[in-house]
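Report on the structure given below.
The values are calculated or read from the model by the stated rules, or taken from the named source; none is laboratory data. Because the structure is a prediction, the values reported are computed rather than measured. Cβ sites come from the backbone with ideal geometry, for glycine too, and all protein chains shown count toward neighbours.
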Amino acid sequence: MQKKTYRVGIVGATGMVGQRFVTLLDGHPLFTPAALLASARSAGKKYPEAVGDKWAMSSPIPAYAKDMTVMDAEADAEKLAGKVDFIFCAVNMKKDEIRALEEKYAKLEIPVVSNNSAHRGTPDVPMVIPEINGDHLAVIGAQRKRLGTKRGFIAVKSNCSLQSYVPLLHPLKKYGIRCAAVTTYQAISGAGKTFATMPEIVDNVIPYIGGEEQKSEEEPLKIWGHIENGAIVNADGPVITSQCLRVPVSDGHTAAVFVSFEKKPTKEGILRAWADFAGEPQALALPSAPKQFIHYFEEDNRPQPKLDRMTENGMAVCAGRLREDVLFDYKFIGLSHNTLRGAAGGAVLLAELLAAKGYFD
Ligand SMILES: NC(=O)c1ccc[n+]([C@@H]2O[C@H](COP(=O)([O-])OP(=O)(O)OC[C@H]3O[C@@H](n4cnc5c(N)ncnc54)[C@H](OP(=O)(O)O)[C@@H]3O)[C@@H](O)[C@H]2O)c1
């Protein structure tokens with residue numbers, strides 16, 4: 001039987017994450033790009049002209065996008081109704097403007113799958129890593145009630161930084177995680193930059209990324225939360241403390257993690273928990289799901305962003321250097337591709353899960 005397909009709009013299509021969506025959706029088995037949207041600066045231009053020399057993908061602009069005219073994400077929102085079945089949204093605007101824009105689309109009965117942080121704290125908006133908390137999608141019913149919509153809703157993915165360690169901590173929760181300390185080494189594409197547009201990062205490390213440490217510490221608690229009375233109630237632990245650094249890497253966020261447990265596992269127990277960990281995307285064989293979610297490297301000098309970020313098309317999470325620590329129980333290294341698993345790829349996987357569960361019908 002032919003699988004049901006959906007027409008999709010990409011809002012922020014000219015940006016770093018938007019370009020990933022444009023690339024990932026080329027030939028996607030379920031989702032067909034039907035509209036590309038960006039700011040008024042880009043509106044009315046053909047996509048290649050609107051992107052100009054900002055195109056940062058290693059493959060050329062896909063043929064389907066070359067002839068598409070970019071629409072204005074704010075002024076043309078009403079024109080999208082009936083033209084697309086849902087949108088991906090990744091825009092660089094003020095938080096309150098993004099909140100309003102995403103609610104506007106939801107109220108136009110266009111579901112929004114968002115990479116933006118604006119709605120991550122909204123209690124009835126699910127923030128989902130599909131392998132971990134797909135059950136949070138059940139809160140969408142309460143959100144639709146609040147918004148007064150039948151189809152429209154907002155679902156978000158989490159910040160890119162935590163994709164390098166939360167998937168590694170999650171299968172270890174059975175040992176009772178007491179606390180974790182994390183330092184992230186984050187790629188410049190996470191700031192929407194390339195080496196050409198961020199020359200100050202060459203031969204350098206910038207020890208501050210605005211808002212990132214708070215997101216890295218707080219967002220995991222929503223992901224590990226539960227639904228109660230139409231809202232997601234955050235988990236009250238484990239405590240995570242973080243430092244987030246910008247480093248001269250094009251793509252791929254690395255995390256150095258220290259962790260202590262209530263019941264200290266063996267190293268073999270941790271490796272087994274990682275090797276065995278699979279979620280709904282694997283069970284449902286979703287098109288973008290990595291076959292093996294966590295890849296452990298035995299070599300002391302892995303994982304490395306340059307060598308390992310594209311593991312399973314950039315959708316796997318890599319780990320290495322697991323060993324006992326003198327202050328905490330264990331320490332290890334995590335890595336994930338920030339614009340694939342951490343942004344556009346993670347959002348496409350979330351949309352595949354939403355489609356499989358009938359939320360776009
Ligand atoms: N990069 C990452 O790894 C990453 C990871 C997770 C989440 N995110 C989040 O994803 C979002 C986008 O990030 P990015 O790195 O792709 O940013 P970016 O490269 O700066 O792109 C921003 C996009 O927003 C559009 N835009 C700006 N002002 C607009 C307006 N007033 N109305 C409509 N569109 C407007 C831009 O269109 P024009 O070209 O027309 O200006 C462009 O398409 C941000 O919220 C970011 O926090 C990024």
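Considering segment 1-34 alone, what residues qualify as being within 13 Å of the ligand (Cβ to nearest atom) and either small (Gly, Ala, Ser) or touching a Pro at 6+ places or on another chain (Cβ under 7 Å) (or both)? Can you show your working first?
As a first pass, look at segment 1-34 and keep what is within 13 Å of the ligand (Cβ to nearest atom): 9-23.
Residues satisfying the conditions are 9, 10, 12, 13, 15, 18, 22, 23.
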Got a sec? Which of 144, 151, 178 is assigned to a helix (DSSP H, G or I), more than 14 Å from the ligand (Cβ to nearest atom) and among the basic types (Lys, Arg)?
144
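Return yes or no: is residue 193 part of a loop (DSSP other than H, G, I, E, B) and either within 30 Å of residue 53 (Cβ to Cβ) or in contact with a strand residue (DSSP E or B) (Cβ under 6 Å, 6 or more places away or on another chain) (or both)?
Numbers: part of a loop (DSSP other than H, G, I, E, B): yes; either within 30 Å of residue 53 (Cβ to Cβ) or in contact with a strand residue (DSSP E or B) (Cβ under 6 Å, 6 or more places away or on another chain) (or both): yes.
Taking the combined requirement at face value, the residue satisfies it.
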Checked pairs for segment 69-82, first in the same structural domain as residue 45 (by TED's automatic domain parsing), second at pLDDT 95 or above and of a type in the set (S, T, N, Q), C-beta under 6 Å and 6 or more apart or across chains, list as 70/42
Please count how many residues of segment 2-12 are free of Cβ contacts under 8 Å to residues at least 60 places away in the same chain and under 11 Å from residue 344 (Cα atoms).
0
If you check residue 161 against the conditions, is it over 30 Å from residue 262 (Cβ atoms) and under 19 Å from the mean Cα position of the chain (by Cα)?
no
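Would it be correct to say that residue 229 is polar (S, T, N, Q) and farther than 30 Å from residue 325 by Cα?
Numbers: polar (S, T, N, Q): yes; farther than 30 Å from residue 325 by Cα: yes.
The answer is yes for residue 229.
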Show me the strands (runs of 3 or more DSSP E) found entirely inside segment 293-361 where at least 2 residues are within 16 Å of the ligand (Cβ to nearest atom) and under 26 Å from residue 128 (Cα atoms).
330-336
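May I ask you to say which residue of 124, 76, 53 is away from the ligand (no atom under 15 Å from the Cβ) and not β-branched (Val, Ile, Thr)? Talk me through it step by step, then tell me what you get.
On the way: 76 fails: away from the ligand (no atom under 15 Å from the Cβ); 53 fails: away from the ligand (no atom under 15 Å from the Cβ).
After ruling out the rest, the residue left standing is 124.
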Of the residues in segment 93-113 that are within 8 Å of the ligand (Cβ to nearest atom) and crowded, with 16+ Cβ neighbours inside 10 Å, the one that is farthest from residue 8 (Cα to Cα) is 93
